[in-house]
Structures are given as C-alpha cells and as structure tokens.
1. Could you tell me whether any residue of the stretch 66-74 is assigned to a helix (DSSP H, G or I), under 21 Å from residue 12 (Cβ atoms) and touching a Pro at 6+ places or on another chain (Cβ under 8 Å)?
2. Check every one of the helices (runs of 4 or more DSSP H) wholly within the stretch 112-200 and list those with 1 or more residues that are touching a strand residue (DSSP E or B) at 6+ places or on another chain (Cβ under 9 Å), at pLDDT 95 or above and of a type in the set (Val, Ile, Thr).
3. Of these, 115, 176, 133, 181, which one is without any contact (Cβ under 8 Å) to a residue 40 or more places away in the chain, over 24 Å from residue 64 (Cα atoms) and over 16 Å from the mean Cα position of the chain (by Cα)?
4. Exactly one condition in (1) touching a residue at least 40 places away in the same chain (Cβ under 8 Å); (2) closer than 20 Å to residue 37 by Cα; (3) among the hydroxyl-bearing types (Ser, Thr, Tyr) is false for residue 109; which is it?
5. Which ones in the stretch 144-200 are of a type in the set (Phe, Trp, Tyr) and over 14 Å from residue 12 (Cβ atoms)?
6. Pick from the stretch 144-171 the residues that are surrounded by 12 or more Cβ atoms within 10 Å (Cβ to Cβ) and of a type in the set (Ser, Thr, Tyr): which of them is farthest from residue 62 (Cα to Cα)?
7. State all residues of the stretch 75-106 that are in contact (Cβ under 8 Å) with a residue 60 or more places away in the chain and in a strand (DSSP E or B); if no residue qualifies, say none.
8. For residues that are of a type outside the set (Gly, Ala, Ser) and surrounded by fewer than 19 Cβ atoms within 10 Å (Cβ to Cβ), scanning just the stretch 172-182, find the one that is nearest to residue 22 (Cα to Cα).
Amino acid sequence: MKIGILGGTFDPIHNGHLKIAEAARKKLGLNEVYFMPAAKTPLKEGISISAVKRRVEMVRLAIAGKPHFKLSTIELDRPGPSYTADTIAELRKKLGAETELYFIIGWDSLSQFARWREPARIIRMCRLVAVPRPGYTMPDPKALEAAIPGMSESLIVLDNPEIAISATEIRERVARGQSIRRLVPEEVAGYIQKNGLYLR
C-alpha cells in the first residue's frame with residue numbers, strides 16, 4: 001500500500017491542491033492521497049485562519065466523489081500545534097510498517113525543511129515528494145543533504161504541475177467581490193459564498 005499525504009491549512013482548498021495530489025498519485029502509483037488539514041501550524045504563528053470545521057468541510061466537499069482522495073483529521077484530533085514528525089509517526093503506527101508513506105511538500109516549504117521539528121526523523125519514516133511552486137526554485141539537493149543527512153535518499157522531485165493558484169489570492173478576490181470560478185471546486189465556491197467566508 002502506498003499512501004500520499006498532502007497537509008496544509010486549506011483555507012480554502014483549491015484546484016491547485018487537487019491537481020498536485022492527482023499528479024503525485026499517478027506518477028508514484030499511490031493507492032490513496034490523504035488530505036490533512038492542520039489545526040495550528042507552528043511556522044505560521046500569528047496568522048489568522050478560518051475555523052477548523054469550515055476548512056474540514058471545504059476539503060470534504062472538494063474531494064467528494066474522488067475515491068482515491070481521503071480526508072484525514074489526525075492533526076485535528078490531538079491538542080496543540082501540528083508537528084509533521086508526530087503525525088507521520090502516528091500514521092505509521094496506524095497503517096503498519098508495510099505501508100509506504102509519501103509526504104507531498106512544495107519547493108517553498110522544502111527550503112525551510114531543516115527548520116521543521118525533527119526533520120531527520122521525518123525522512124526516516126517517509127519519502128518526501130517535492131512539487132514546484134511558482135516563484136520558487138528547487139533548493140540545492142547537496143545543501144539539503146548537508147543540512148539533513150539522508151535527505152537525498154528520501155527525496156523525490158517532481159517538475160510539474162506548477163500551479164499558479166494561492167489560497168491568499170483566493171481570499172483576497174472574495175474580499176474584493178471578484179469571481180473565484182475555476183480556482184476552487186464549484187461546491188467550495190458555493191460554501192464560501194453561503195457562509196460569507198473571507199469578507200472584510
């Protein structure tokens with residue numbers, strides 16, 4: 001069994017997230033991709049995010065009818081900040097040692113990976129799948145290996161898709177009264193409008 005993990009605040013989840021997950025699933029032969037909303041992200045302290053139940057419901061709506069995509073609330077079910085090392089360890093225990101885990105991460109986050117909690121422990125438990133982010137270059141693999149020995153064996157680099165969609169842009173468009181059609185699934189757009197999310 002091969003499981004992909006795509007974490008994030010998903011505020012809101014958008015079509016870029018779905019395209020990245022599908023590209024990784026196809027290229028790596030993943031059985032499923034878990035969409036994992038974060039409760040609190042330690043590296044984003046001080047940034048206001050929507051209520052957990054709102055973000056979870058948007059993920060649920062976005063992946064409905066897509067059998068290879070699953071919602072995981074593992075990071076929401078425990079108190080405190082979300083640390084990837086703890087999450088992967090919990091998943092590893094739950095799914096068994098024979099399950100291969102692939103943690104999907106953007107090139108922007110990869111450049112900060114050495115600052116994460118227990119990065120060496122993370123790469124011992126799963127493979128990292130690095131996907132492009134517009135405006136960012138792929139970090140130097142030699143520098144990554146020097147900072148975190150063993151990184152080169154764990155890292156898989158995908159050179160596409162490069163998705164020029166950001167949750168920040170979507171929130172700003174909603175606040176300005178502009179359309180977010182084609183940026184998010186239709187059901188998510190409807191939910192945002194119905195619940196008055198992101199209005200100033």
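1. No - not one qualifying residue is present in the stretch 66-74.
2. It comes to 119-125, 167-175, 186-195.
3. 176
4. With (1) touching a residue at least 40 places away in the same chain (Cβ under 8 Å); (2) closer than 20 Å to residue 37 by Cα; (3) among the hydroxyl-bearing types (Ser, Thr, Tyr) applied to residue 109, the lone miss is (1).
5. If the condition is that a residue be of a type in the set (Phe, Trp, Tyr) and over 14 Å from residue 12 (Cβ atoms), then no residue fits.
6. 152
7. Once the filter is applied, which keeps residues that are in contact (Cβ under 8 Å) with a residue 60 or more places away in the chain and in a strand (DSSP E or B), the stretch 75-106 yields 100, 101, 102, 103, 104.
8. Ranking the candidates gives 182 first.
The values are calculated or read from the model by the stated rules, or taken from the named source; none is laboratory data. All of these numbers come straight from a predicted model, not from anything done at the bench. Methodologically, a virtual Cβ is constructed for each residue, glycine included, from the backbone with ideal geometry; neighbour enumeration extends over all protein chains shown.
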